[in-house]
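Novice: Attaching a single structure in C-alpha cells format; questions to follow.
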Amino acid sequence: MSHAWHRIKVGIVGATFGVCAAAVFIRPLPARRAAEPRAQELYAVVIEELTALREADYSRAYRQVSLETQERYNIQAFAELIRVERPELAGFEHVEFGAPKAVGRVVQVPAYVFFPAGEIAAVRYSLVREGSVWKIDRAEVERRWGRGRRLGGERT
C-alpha cells in the first residue's frame, strides 16, 4: 500500500507541475476592443435627426434614438418632448461638430447648432451602438449664445 500511495502522491505533484507549466505558455487572449467609431458616422446620425426635426418628421427623428429612449417615450410623447423642450432645434441653419469622446460604451459628440438669427446652441449628444448602427441616447442643450458670438476652433 505504501508503494501505491507513493505513486498517487507523485502523480498529484506531477499533475500540479504540468498545469503550472501549461499556464506559463497559455495566456488569455487580450480583451477585444471595439473599433473606434468614425466621426462621420456619428455626425450623420445627429444631422439626420436635426433634418427630421426641421421637417417635423418626428417618426424619422424617433428612429435615430436609442431603444432605451424609445422605451421611455412612445412616439407621441417623444414628439411632444421635442416640440416643448427643444423647439428651436427644428429651426437650425447649420451645425458644426467638435471631436467625439468615448466614455465607456457611450460616445459624446459636441455639436454647435447655428440659427438664422445668429444665435448658437451648444448641444452634447450621447450616442450608443445598437447592433451595427449608432443611436442617440441623450441630447442636452448645454449653453446658448446670442447673436454676434464667435466661437474659436479649427476648420478642417
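The values are calculated or read from the model by the stated rules, or taken from the named source; none is laboratory data. Nothing here was measured: the structure is a model prediction, and the numbers come from that model. Note that each Cβ is placed from the backbone with ideal geometry, even for glycine, and that neighbours are counted across all protein chains shown.
Novice: Is it the case that segment 93-102 has a residue that's touching a Phe, Trp or Tyr at 6+ places or on another chain (Cβ under 6 Å), surrounded by fewer than 18 Cβ atoms within 10 Å (Cβ to Cβ) and in a helix (DSSP H, G or I)? Don't jump to the end; show me each part of the working.
Specialist: Taking segment 93-102 first, the residues touching a Phe, Trp or Tyr at 6+ places or on another chain (Cβ under 6 Å) are 93-94, 96-97.
After this cut, where a residue has to be surrounded by fewer than 18 Cβ atoms within 10 Å (Cβ to Cβ) as well, the list is 93-94, 96-97.
Cutting the leftovers down to in a helix (DSSP H, G or I) gives us none.
No, segment 93-102 has no match at all.
Novice: Could I ask something else about it? Which residues, counting only those in segment 60-88, are touching a residue at least 40 places away in the same chain (Cβ under 8 Å) and either surrounded by fewer than 12 Cβ atoms within 10 Å (Cβ to Cβ) or not acidic (D, E) (or both)?
Specialist: Result: Q64, V65, S66, L67, T69, R86.
Novice: Is it the case that L127 is out of contact with any His (no Cβ under 9 Å at 6 or more places or on another chain) and in a strand (DSSP E or B)? Spell out the reasoning first.
Specialist: Values: out of contact with any His (no Cβ under 9 Å at 6 or more places or on another chain): yes; in a strand (DSSP E or B): yes.
Judged against the criteria, L127 is a match.
Novice: From the list A61, A23, which residue is among the small types (G, A, S), assigned to a helix (DSSP H, G or I) and at pLDDT 80 or above?
Specialist: Details: A23 fails: at pLDDT 80 or above.
So the residue among A61, A23 that is among the small types (G, A, S), assigned to a helix (DSSP H, G or I) and at pLDDT 80 or above is A61.
Novice: Tell me the residue from L42, L50 that is under 27 Å from R147 (Cβ atoms) and part of a helix (DSSP H, G or I), please.
Specialist: L50 is the lone residue from the list that is under 27 Å from R147 (Cβ atoms) and part of a helix (DSSP H, G or I).
Novice: Considering only residues that are touching a strand residue (DSSP E or B) at 6+ places or on another chain (Cβ under 6 Å) and within 13 Å of V45 (Cα to Cα), look in segment 111-131 and name the one that is surrounded by the fewest Cβ atoms within 10 Å (Cβ to Cβ).
Specialist: Step by step, filter segment 111-131, then rank; the result is S126.
Novice: Please find, among L89, L81, the residue that is modelled with pLDDT under 95, touching a strand residue (DSSP E or B) at 6+ places or on another chain (Cβ under 7 Å), farther than 20 Å from V128 by Cα and outside any strand (DSSP E or B).
Specialist: Going through L89, L81 in turn, the sole match is L89.
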